[in-house]
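In what follows, a single structure is set out as structure tokens and then discussed.
The values are calculated or read from the model by the stated rules, or taken from the named source; none is laboratory data. Values in this document were obtained by computation on a predicted structure and should not be read as measured data. Using ideal geometry, Cβ is built from the backbone for each residue, glycine included, and neighbour counts are taken over all protein chains shown.
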Amino acid sequence: MSSGVPRTVKAVDTPELLRLDAEAIECGLNRNHGAGWLVEFADSEAVHYLRPVLVHRAAHHPELSPHWRCMLLLTMRDGQQVFSLLDVLPASFEYLPETLDAATKSEITHRLEHGGLLTQAQWADLNP
């Protein structure tokens, strides 16, 4: 894990995830899901999980650098959980409340790193 990112996992509901994704799109950050994709495919009632993993710098947007590249445990409408990435501004991540206990954070981190999850792109290929 790169220094400079918080060593935590945060839970986000779907409306908050949509807001973060829209912010990434609006800011021109590289890792986002594209306009409307999450609305169409993410479970609207689910809780999703973000874990910052590295500091990312965008030379084309120095005013938005650095930002954090986050691993995302995303629950789809069919109930399947998939791995994705989302670029998040530090202030936006810090705004999210800490609601998870240490054991839950460890479990989610393990799933993201070793869970054999489909990626969002693989899931999309199987669910056109």
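Structure summary
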{"item": "Residues being within 18 Å of G34 (Cβ to Cβ) and either without any contact (Cβ under 8 Å) to a residue 24 or more places away in the chain or basic (K, R) (or both) - total across region 71-127", "result": "4"}
{"item": "Check on R31, surrounded by fewer than 22 Cβ atoms within 10 Å (Cβ to Cβ) and part of a loop (DSSP other than H, G, I, E, B)", "result": "yes"}
{"item": "Single match in P52, P6 (criterion: at pLDDT below 95 and closer than 15 Å to L96 by Cβ)", "result": "P6"}
{"item": "Residue tally, condition surrounded by 14 or more Cβ atoms within 10 Å (Cβ to Cβ) and in contact with a Gly (Cβ under 9 Å, 6 or more places away or on another chain), over region 60-89", "result": "6"}
{"item": "Verdict on V9 being under 13 Å from the mean Cα position of the chain (by Cα) and over 21 Å from A124 (Cα atoms)", "result": "yes"}
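One line per residue, one yes/no per condition, for (1) more than 21 Å from V5 (Cα to Cα); (2) surrounded by fewer than 17 Cβ atoms within 10 Å (Cβ to Cβ); (3) touching a Phe, Trp or Tyr at 6+ places or on another chain (Cβ under 6 Å):
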| residue | (1), (2), (3) |
| --- | --- |
| E26 | yes, yes, no |
| A91 | no, yes, no |
| E98 | no, yes, no |
| K105 | no, no, no |
